[in-house]
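Have a look at the structure below before the remarks.
FYI, it's all coordinate maths here, none of it is from the lab. Just so it is clear, the model here is predicted, and its values are computed rather than measured. Methodologically, a virtual Cβ is constructed for each residue, glycine included, from the backbone with ideal geometry; neighbour enumeration extends over all protein chains shown.
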Amino acid sequence: MGNVQSFFSRCEEALALASRMENPLLIYHYDCDGIACGSIIAGWLESLKKPYDMLSVRKLDEELAQSLGQRKELILADVGSGSAFLEQLKGDVLIIDHHQPAHKAHLQANPHLFGFDGGSELSAAGCAYFVFRQAVDLGIVGAVGDIQQPFCSLNRLMLEEAVRQGAAAISTDLLLFGKNSRPLIQFLEYADEPYIPGISGNRENCIRLLSELGIELKENENWRTYYDLKPDEKRRLVSALADYVSLRVSPEAACQLTGEVISLSRRQPHTELCDASEFSTLLNACGRNGQPQLGVAVCLSRPGAYEKAQALLAEHRRNLRDGISFAAQNIQDLGKFLFLDARGVIADSIIGVVAGMLFIGQREKPILAISLDESGKIKLSARATRKLVRQGLNLGKILSESSLAVGGVGGGHNIAAGATIPPERLDEFLLEFSKRL
Ligand SMILES: [Mn+2]
């Protein structure tokens, strides 16, 4: 159990240090949590009219750190705690992070240092919220992006504050994407998390289901969204989908259709930004497609940014859908695990997401998916289910050991892990992997 009071007093020290800075360079990690964290800090700096520069990184490496030697003031967002080489840096450095600390240099606001698990109890964006006490909704979006739901501990505390401030509301609802932003037919047709066999990708069945339920598709001339439905229409749709999945997939899968949904009330109505989970997908799409600064612009409500990000998201989701339908047709059962060879078909930046989306319900085995990175190496992504993890499976360990055995590198979490290996040693790797499962 962590110590809330000492964590909060560290947050106050962090705020004091940031307040003393006059023109910092703000470096942030390019994923959803990093973008949200960086945006909270940038918003705070702007509110005080402090000049600053901002730089996104995929990884903070030593070379970059050395090139920063000239900078007198640095703020690191969602990076830094794991980089021992930062010890050499002079000047004022503030680290706001939630990764396992590998050094003690500089002022670090990091929940790990106070007995909290940064993997599940608070993300970097949440940490930034507790330091700057601004934009609580971005704190939530960052945590959702780092898959920290259901919220507990410091995350739960932040969520409760958001509800009290009127910035967020919690409900139990469908988890499908597009509740605010998609017409009903596309809402069902493009369902991918979870993927609903017979509904996802099948427009006719979607239209038939909605008409059987007596749900009008339009109101006046406008396409209705899920959030436009009346309460009893919502109930009918949810229970019809649950019956459908329960019969065709499994009752366990039906339970995964609904869950805790966090809506955000200070963002532009009828957009993805009103839903914490959809907002996080939008930021991930920006980051993974090389435009993290666009994600920051969306977080800071810059004019025109949302429209650009939405177009990027549409493309990202199209890639994901194509990836999933390729995966559904090409997945092989190799005995101890399922294998997807997507070399040349699915980009290495989304292969892990696709592997994670492959349907959950009937899956009793881990999935290993492969694609090629820019340099022609094989990028591997493995995903397990919660049940397998409960039974003791640790993919991070297995992937790290079996990639090492073939001259690659890998690692990650027990439920999701990745690795890169030389292309000519794939067969050897598969044997090593299988042996360790
Ligand atoms: Mn993070």
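Distance from the C-alpha centroid of segment 1-57 to that of segment 317-380: 36 Å, rounded to the whole angstrom. Leaving out same-chain residues fewer than 8 places away, which aspartates and glutamates sit with a Cα under 18 Å from that of residue 230? Excluding near neighbours in sequence, the set is 173, 212, 216, 219, 221. Local charge for residue 192 was computed over the other residues whose Cβ lies under 9 Å away, with Lys and Arg +1 and Asp and Glu -1, and equals +1.
Count Lys and Arg as plus one, Asp and Glu as minus one, and take only other residues whose Cβ is under 13 Å from that of residue 75; the net charge is then -2.
Short-range pairs are left out: with C-alpha atoms under 8 Å and at least six residues apart, the relative contact order of segment 173-320 is 21 percent. Dividing the mean sequence gap of close Cα pairs (under 8 Å, 6+ apart) by how many residues the chain holds gives a relative contact order of 11 percent. Please label the shape of segment 1-153 as rounded, prolate or oblate, based on the square roots a ≥ b ≥ c of the eigenvalues of the alpha-carbon gyration tensor (a/c under 1.5 means rounded; beyond that, a/b larger than b/c means prolate, else oblate). Since a/c stays below 1.5, the shape of segment 1-153 is classed as rounded. Measuring r between the beta carbons of residue 48 and residue 163 and using R0 = 22 Å, the FRET efficiency lands at 0.20.
The eigenvalues of the Cα gyration tensor, multiplied by 5 and square-rooted, give the chain an equivalent ellipsoid with semi-axes of 35, 29, 19 Å from largest to smallest.
Considering helices alone, the calculated mean residue ellipticity of the chain at 222 nm is -13000 deg cm²/dmol, with DSSP H runs of length four and up weighted by -39500 (n - 2.57) and normalised per residue. Counting neighbouring Cβ atoms within 10 Å and putting the fewest first, the residues 286, 206, 152 line up as 152, 206, 286.
When the chain is fully extended, how far beyond the present Cα-Cα distance does residue 62 get from residue 301, taking 0.36 nm per residue of separation?
82.7 nm
Each peptide among 16-22, 90-96 gets the average number of other Cβ atoms lying within 10 Å of its residues, and from highest to lowest they stand as 90-96, 16-22. Placing one equal scatterer on every Cα of segment 172-290 and applying the Debye formula, the log10 ratio I(q)/I(0) at q = 0.22 Å⁻¹ is -1.39.
When 365, 179 are arranged by Cβ crowding within 10 Å, least crowded first, meaning fewest neighbours, the order is 365, 179. Using a 7 Å offset from the Cα along the Cα-to-Cβ direction at both residue 428 and residue 211, what is the distance between the two label points in nm, to one decimal? In this crude spin-label approximation the distance works out to 6.0 nm. Distance from the Cα centroid of segment 123-141 to that of segment 396-430 is 34 Å (rounded to whole angstrom). Comparing 338, 419, 371 along the charge dipole axis of segment 331-436, the residue lying farthest to the positive side is 338, per the Cβ-charge model. Think of each Lys and Arg Cβ as +1 and each Asp and Glu Cβ as -1; about the Cα centre, that makes the dipole of segment 331-436 roughly 560 debye. Which of the residue pairs 179/379; 397/435; 49/72; 72/104; 50/104; 59/336 have a Cα-Cα distance greater than 22 Å in the structure shown? Where the Cα-Cα span goes over 22 Å, the pairs concerned are 179/379; 50/104; 59/336.
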